[in-house]
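Notes for the one structure printed next.
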Amino acid sequence: MQKSAESNHAAPFDVKKFMSNNAIIILIVLLAILTGCTTKNFFTTTNFKNLVVNVAPRFIIACGVSGCLITKGTDLSAGRAVGLAACLSAMMLQSVDYAARMFPWMPDIPWPVALVIVMIIMGAFGAVNGIVISVLKVPPFIATLGMQTIIYGLCSLITNNQPMGGYKKSYLTVASGSVGPIPYLMIFAVIVGLYFLFLYNKTRHGKYMYAIGGNENAAQVAGVNVRASLVRIYILAGCMYALAGFLVGAKAGGASTATGQGYELEAIAACTIGGVSANGGVGRVGGILVGVLVFEILKICLQFLRVDPAYTYIAQGLVIVIAVALDLRKYLQKK
């Protein structure tokens with residue numbers, strides 16, 4: 001009886017381990033407190049709303065990337081895919097009476113229809129990524145790096161490297177509107193978060209995804225259709241980039257070939273900070289949100305502290321390196 005009671009007794013809380021595993025999150029929280037105490041208007045409703053609308057599209061991108069990372073892959077085409085989605089949305093949703101409209105012959109398209117079209121197109125790019133990785137066995141890093149360049153080239157061709165604006169009001173309202181105090185952008189992010197929470201924890205797809213990330217060969221022996229699962233993961237990622245690009249375009253009020261540049265690195269870093277292991281098989285939606293929040297809070301803090309933007313990039317780079325180093329450390333400890 002005594003032995004049974006001892007075995008059921010919870011292990012003591014390891015403060016040192018907790019501090020080590022969550023070092024970046026703790027440092028960002030301390031930075032936020034310091035910023036709030038030394039600057040004006042940091043802890044305000046306006047700043048909180050600004051944080052929410054910045055986090056929403058980036059959280060959606062990170063959710064798309066997460067499935068790739070959990071299966072020991074990656075997606076370096078995410079940022080350029082977001083840019084192409086923003087440009088495609090712009091082409092379809094410019095006001096019909098806008099003088100510099102990209103395609104004057106195009107009919108007036110409702111924004112939900114445009115969103116569906118963009119998601120189908122970007123889902124097709126995701127399918128190509130998945131097929132190249134799962135069927136042709138091209139390493140995800142190389143496959144998605146190639147796709148990144150292809151998408152950028154296509155975006156440059158179809159836009160003729162011209163920035164686009166003149167959106168109709170209904171599209172702009174998607175980013176600027178709200179239900180009471182809740183911005184529409186937050187509603188989109190919550191819906192995506194709940195969907196991924198269900199997908200990862202309550203479906204066969206989620207179980208297969210974690211199994212592939214844990215041991216692809218063992219998953220295949222157990223009857224998992226690895227090829228089909230990977231293709232589905234990359235198609236879903238493409239659809240998330242489409243949604244994020246659609247929202248980013250509405251939020252910015254314009255789009256160009258530069259839209260979305262570097263977003264893939266932020267998404268991968270946010271996932272890693274939030275506990276999605278680059279070694280596969282590990283990752284939770286709640287952790288992804290925490291990782292995205294860490295990145296955005298870091299940016300806002302440095303802006304309030306009036307730090308040169310160049311140093312912001314340096315800080316972000318350091319966060320990425322430290323996050324991956326901590327992830328590898330945890331992986332080696334488990335082994």
Residues in the range 286-335 that are modelled with pLDDT of 85 or more, assigned to a helix (DSSP H, G or I) and of a type in the set (A, V, I, L, M) total 14
Expected output for the range 257-273 (first residue at pLDDT 90 or above, partner buried (at least 24 other Cβ atoms within 10 Å of the Cβ) and of a type in the set (S, T, N, Q), Cβ below 9 Å, 6+ apart or cross-chain) is GLU264/SER77; GLU264/THR144; ALA267/SER66; CYS271/SER66
Considering the range 46-103, residues that are free of Cβ contacts under 8 Å to residues at least 60 places away in the same chain and not aliphatic (A, V, I, L, M), and then whichever is farthest from ARG284 (Cα to Cα), we arrive at ASP97
Going through (1) surrounded by 15 or more Cβ atoms within 10 Å (Cβ to Cβ); (2) over 30 Å from MET102 (Cα atoms); (3) free of Cβ contacts under 8 Å to residues at least 60 places away in the same chain one by one, TYR184 fails only at (2)
So, first residue in a loop (DSSP other than H, G, I, E, B) in the range 148-172, second residue of a type in the set (Gly, Ala, Ser), Cβ within less than 7 Å, six or more apart or across chains; the pairs are PRO163/GLY254; PRO163/SER256; GLY165/GLY253; GLY165/GLY254; GLY166/SER95; GLY166/ALA100; LYS168/SER95
In the set THR149, THR71, the lone residue that is touching a Lys or Arg at 6+ places or on another chain (Cβ under 9 Å) and either surrounded by 14 or more Cβ atoms within 10 Å (Cβ to Cβ) or closer than 28 Å to VAL226 by Cα (or both) is THR149
(1) within 28 Å of ARG101 (Cα to Cα); (2) outside any loop (DSSP other than H, G, I, E, B) all hold for VAL190 apart from (1)
Filter the range 199-220 for residues that are small (Gly, Ala, Ser) and surrounded by fewer than 17 Cβ atoms within 10 Å (Cβ to Cβ); the one that is farthest from the chain's Cα centre (by Cα) is ALA218
Only one of THR144, THR74 is assigned to a helix (DSSP H, G or I) and hydroxyl-bearing (Ser, Thr, Tyr), namely THR144
In the set LEU31, LEU76, the lone residue that is in contact with a Ser or Thr (Cβ under 8 Å, 6 or more places away or on another chain) and aliphatic (A, V, I, L, M) is LEU76
Exactly one of PHE42, PHE59, PHE103 is part of a loop (DSSP other than H, G, I, E, B), modelled with pLDDT of 90 or more and either surrounded by 13 or more Cβ atoms within 10 Å (Cβ to Cβ) or touching a helix residue (DSSP H, G or I) at 6+ places or on another chain (Cβ under 7 Å) (or both), and that one is PHE42
Of the residues in the range 158-190, those that are closer than 30 Å to VAL132 by Cα and modelled with pLDDT of 95 or more come to ALA189
Scanning the range 166-176 for residues that are surrounded by fewer than 17 Cβ atoms within 10 Å (Cβ to Cβ) and either closer than 17 Å to PRO107 by Cα or basic (Lys, Arg) (or both) gives LYS169, SER170
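The values are calculated or read from the model by the stated rules, or taken from the named source; none is laboratory data. Bear in mind the structure is a predicted one, so any value in this text is a computation, not a measurement. FYI the Cβ positions are ideal-geometry reconstructions off the backbone, even for glycines, and counts take in every protein chain you see.
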